[in-house]
Amino acid sequence: MDEIYMELADQLLRLEAELRRLKLWSLERPTAEALASTEPFCLDTLTLPQWLQFVFLPRMRQLVESGQPLPQRCGIAPVAEEFFENSGRFHALIEQLREIDRRLERGPGTV
C-alpha cells in the first residue's frame, strides 16, 4: 500500500476519534433521502459532523482500502471553519481536516 494511503488511513482514524471526543458522533443514521443530497457536503440535509461521519469517512475509507485514486482536493477545512465559526472548542477537529486537505493536495509520492 502506498504511503499516502497509510497516512490517510491514520488521519481518518484520528478524525473519527476527534468527532467522538467532541461528542459529534451520531448513533442514529440519517435517512436515505438525506444522504442522497446532491448539494456539496449535503449541506441542505445534513450537518457537517453528520456528513463527515456518514459520507466522507466511509467514502474515503473505501478509496483507501481499495487503493482507488484519491481526490486531489477536498477543501473541507474552510467549510468546517465556517460551520464551527472558528470556535476554540473545535480547533483540533479543524486542524485534522486541514491535515487531510494538505495531504490530498500533495498527492501520492510526496511526504
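Each reported figure results from applying straightforward, stated rules to the coordinates on display, with no laboratory input. The shown structure was predicted, so the numbers you read here are calculated from the model rather than taken from an experiment. Ideal geometry is used to build each Cβ from the backbone, glycine not excepted, and the neighbour counts take in all protein chains shown.
Per-structure values
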| read-out | value |
| --- | --- |
| At most 10 other Cβ within 10 Å, DSSP loop - trypsin sites (Lys or Arg not before Pro), the range 29-111 | Arg73 |
| Derived scalar couplings ³J(HN,Hα) [the range 37-45; Karplus, 6.51 cos²θ - 1.76 cosθ + 1.60; whole Hz; x for Gly, Pro] | 3, 9, 6, x, 6, 6, 5, 8, 10 |
| Loop-located GluC sites (Glu not before Pro) in the range 1-69, at most 10 other Cβ atoms within 10 Å (DSSP) | Glu28 |
| Binned Cα-Cα distances of the range 1-44, short to long, each 5 Å bin given as a whole percent | 5, 18, 14, 17, 22, 17, 7, 1 |
| DSSP H segments from the chain that extend 24 Å or more along their own axis, Cα-based, with Kyte-Doolittle mean of -1.0 or above | 3-21 |
| The chain, relative contact order [Cα under 8 Å, separation at least 6], % | 37 percent |
| Assigned charges on the beta-carbon of Lys, Arg, Asp, Glu; the chain dipole about Cα centre (debye) | 220 debye |
| Three semi-axes of the equivalent ellipsoid, the range 38-101, Cα gyration tensor, whole Å, largest first | 21, 14, 10 |
